[in-house]
């Protein structure tokens, strides 16, 4: 008896940021079964785009990105929230820090180029029940 496989192709055009988010979600949550929040995935994706960046500068960039309508009096607390999340991710080894510069850990193998075709081939096999 042969193996019958139904092939499904889905094609989407997405932004660079969403491509990185998808890779992180797939790798960390789906394949590695790690417990990360979506806000942590979003933060890692933004950091991956900026590559190596000074910590204070990234906190400012991330605060403006995630809280575009933030009032000036609330900016410092939102930025501190970002810094706290980055420290947590660093302790979990998702972020590499060298002096005051940070980057996504190299073992995550995130492809960050602008134009990529990302292909996953997943095969689901149900075992036969006798």
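No lab work stands behind these numbers, since they all come straight from the coordinates. These figures come from a predicted structure and were not determined experimentally. Every residue, glycine among them, receives a Cβ derived from its backbone with ideal geometry; neighbour counts consider all protein chains shown.
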Most fluctuating residue given options 16, 101, 32, as computed from a GNM of the chain linking Cα atoms under 10 Å: 32
When only Cα pairs under 8 Å and 6 or more residues apart are kept, what is the percent relative contact order across segment 54-130? 24 percent
If you stretched the chain out fully between residue 31 and residue 97, how much longer would it get, using 0.36 nm times the residue separation minus the C-alpha to C-alpha distance? 21.3 nm
For the pair residue 116/residue 9, report the inter-label distance in nm, with labels modelled 7 Å from Cα in the Cβ direction. 2.1 nm
With Cα springs under 10 Å, the Gaussian network model of the chain assigns the largest mean-square fluctuation among 120, 94, 67 to 120
Candidates 87, 72, 115: whichever shows maximal mean-square fluctuation once the chain is modelled as a Gaussian network with Cα springs under 10 Å: 72
To make sure I understand, if each residue's beta carbon is the centre and we count other beta carbons within 10 Å, what order do 54, 69 fall in, fewest to most? 69, 54
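Rank these for me by crowding, 9, 42, 74, going from fewest to most other beta carbons within 10 Å.
9, 74, 42
Subtracting the Cα-Cα distance from 0.36 nm times the residue separation, let me have the gained length for residue 73 to residue 124 in nm, one decimal. Each step should come with its number before you reach the end.
On the way: separation 51, 0.36 × 51 = 18.36 nm, distance 5.18 nm.
Going from the current span to full extension adds 13.2 nm.
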Length-normalised contact order for segment 16-107 - Cα pairs under 8 Å, 6+ apart - percent: 29 percent
Degrees, to the nearest 10: 72-91 long Cα axis against longest axis of the chain: 50 degrees
Can you give me the angle between helix 55-66 and the longest principal axis of the chain, using Cα atoms only, in degrees from 0 to 90, rounded to the nearest 10? 70 degrees
To the nearest 10 degrees, the tilt of helix 38-50 (Cα long axis) against the first principal axis of the alpha carbons of the chain is 70 degrees
